[in-house]
Amino acid sequence: MIVSIPFTQTSNKVNDSLHYYHHSGEFRLESGEVLNDIQIAYQTFGTLNSDRSNVVWVCHALTANTDPIQWWPGLVGYNYLINPEEYFIVCANILGSCYGTTGPRDFDPKTGERYLSSFPNITIRDQVKAHILLKNYLGIERIALGMGGSTGGQQILEWAIEDPIFDKLFIIATSAQSSPWGKAIRASQRMAIEADVSFFSSSVNGGKKGMEAARAMALLSYRTPETFNQSQRDDNEALENYKAESYQRYQGIKLSNRFDARSYYTLGKTMDTHNVGRGRGSVQKALASIKTETLIIGIESDILFPLTDQQTIADHLPNSTFEIIQSDYGHDGFLIETRKISEILKPFLKK
């Protein structure tokens with residue numbers, strides 16, 4: 001384990017190794033429940049400049065990790081727009097995940113046992129509260145750009161309301177409030193996980209088969225019929241072993257090999273809680289409080305976060321620009337269409 005130290009004026013370069021911040025004591029959740037002694041995993045890339053004005057904070061989506069160079073290639077990384085040679089990039093694993101930040105697989109210091117299915121419900125605001133703890137620990141006072149897609153964008157919006165530390169914001173394929181449609185999709189996935197009886201067991205790997213089915217279901221909301229019809233077409237004689245079925249099973253197993261079922265279950269419920277208007281009068285009032293210059297991108301073929309979600313944000317952010325990109329990849333376009341995204345984001349960053 002690498003334990004990092006806060007930035008100082010005399011030491012401002014941090015490598016891209018995985019680091020951990022340990023927060024001692026209680027971490028009170030929005031629900032009133034408490035997690036004790038949480039750990040936050042994070043990575044940094046590049047060098048903090050002398051006036052600390054080049055910080056880019058990337059908030060990741062559902063099953064991603066702390067390395068945006070790995071999961072957002074073409075946009076983040078050397079030779080790309082969000083380049084560590086120009087920016088100091090920070091990405092923290094979200095609360096409830098299984099890539100180093102406290103989540104269901106971890107041990108409850110109160111009981112000495114793993115949380116597993118007893119891990120408390122968390123909200124997007126709880127995840128942002130953890131980001132702010134890390135930001136304060138690192139001594140970051142301004143963030144040049146906060147950016148994220150999907151639930152990463154939800155975190156950025158919440159953070160911009162709670163702690164207006166950003167000079168600019170970039171969000172893509174996201175919303176100000178989880179829709180009934182999105183909640184229904186995620187509830188269906190949880191039903192699949194719950195159908196796997198091992199999910200409720202004491203096994204640290206419980207729920208794996210259920211998560212495979214849930215991931216296959218999720219993929220249908222991430223892509224488009226056109227994508228499947230083009231790439232998974234069978235020959236005229238096929239009576240079984242269809243390409244589309246094989247692909248769905250493969251995607252389920254692929255996630256099962258790298259992710260935790262209870263984290264997947266937890267984080268889906270976390271997305272359901274997203275509502276920037278909760279306790280703030282309304283979604284409209286909450287969005288109107290964000291004065292930061294914001295670039296919003298929607299994907300025309302996205303059925304999980306349709307354009308109306310981004311239009312709502314744009315209509316109520318007083319200093320925003322809304323752009324639409326075309327993609328055959330639906331919601332996954334926010335990870336794939338990096339050339340189109342960069343063409344829009346670059347002039348926004350330079351102005």
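The values are calculated or read from the model by the stated rules, or taken from the named source; none is laboratory data. Here the structure is a predicted model, which is why all the values come from computation and not from measurement. Neighbour counts are summed over all protein chains in view; Cβ atoms, including those assigned to glycine, are modelled from backbone coordinates with ideal geometry. All accessible areas refer to the heavy atoms of the entire protein, side chains included, with ligands and DNA or RNA removed. Shrake-Rupley method; radii C 1.70, N 1.55, O 1.52, S 1.80 Å.
From the list 295, 335, 304, 349, the lone residue that is under 17 Å from residue 75 (Cα atoms) and not in a helix (DSSP H, G or I) is 295. Evaluate the following for residue 50: is it touching a residue at least 12 places away in the same chain (Cβ under 8 Å), open to solvent by less than 30 Å² (accessible area, probe 1.4 Å) and among the hydroxyl-bearing types (Ser, Thr, Tyr)? So residue 50 does not fit the description; no. Within the stretch 177-218, the residues that satisfy the criterion of being free of Cβ contacts under 8 Å to residues at least 60 places away in the same chain, in contact with a helix residue (DSSP H, G or I) (Cβ under 7 Å, 6 or more places away or on another chain) and closer than 19 Å to residue 304 by Cβ are 188, 192, 211, 213, 214, 215, 216, 217, 218.
For the stretch 310-325, the set of residues classified as assigned to a loop (DSSP other than H, G, I, E, B) and within 22 Å of the chain's Cα centre (by Cα) consists of 317 only. Does residue 327 count as farther than 23 Å from residue 158 by Cβ, small (Gly, Ala, Ser), touching a strand residue (DSSP E or B) at 6+ places or on another chain (Cβ under 6 Å) and open to solvent by 10 Å² or more (accessible area, probe 1.4 Å)? Yes: the conditions hold for residue 327. For residue 221, the conditions (1) out of contact with any helix residue (DSSP H, G or I) (no Cβ under 7 Å at 6 or more places or on another chain); (2) in contact (Cβ under 8 Å) with a residue 60 or more places away in the chain are fulfilled apart from (1). Look at (1) in a strand (DSSP E or B); (2) farther than 25 Å from residue 319 by Cα; (3) of a type in the set (Phe, Trp, Tyr) and you find that residue 170 fails only one, number (2). Checking every residue in the stretch 146-159 against the condition of being surrounded by fewer than 24 Cβ atoms within 10 Å (Cβ to Cβ) and either acidic (Asp, Glu) or outside any helix (DSSP H, G or I) (or both) gives zero matches.
In the stretch 168-186 there is at least one residue that is open to solvent by 10 Å² or more (accessible area, probe 1.4 Å) and in contact with a Gly (Cβ under 7 Å, 6 or more places away or on another chain). A Cβ distance below 9 Å, combined with a sequence gap of six or more or placement on separate chains, defines the contacts here; from the stretch 110-137, residues that are at positive phi reach residues that are open to solvent by 20 Å² or more (accessible area, probe 1.4 Å) and outside any loop (DSSP other than H, G, I, E, B) in the pairs 116/200. Scanning the stretch 195-240 for residues that are surrounded by 15 or more Cβ atoms within 10 Å (Cβ to Cβ) and among the acidic types (Asp, Glu) yields a count of 2. Among the residues of the stretch 71-87, none qualifies, meaning not one is within 14 Å of the chain's Cα centre (by Cα), crowded, with 18+ Cβ neighbours inside 10 Å and over 18 Å from residue 172 (Cα atoms). Screening residue 336 against (1) closer than 27 Å to residue 226 by Cα; (2) among the hydrophobic types (A, V, I, L, M, F, W, C); (3) open to solvent by less than 40 Å² (accessible area, probe 1.4 Å) leaves a single unmet condition, (3).
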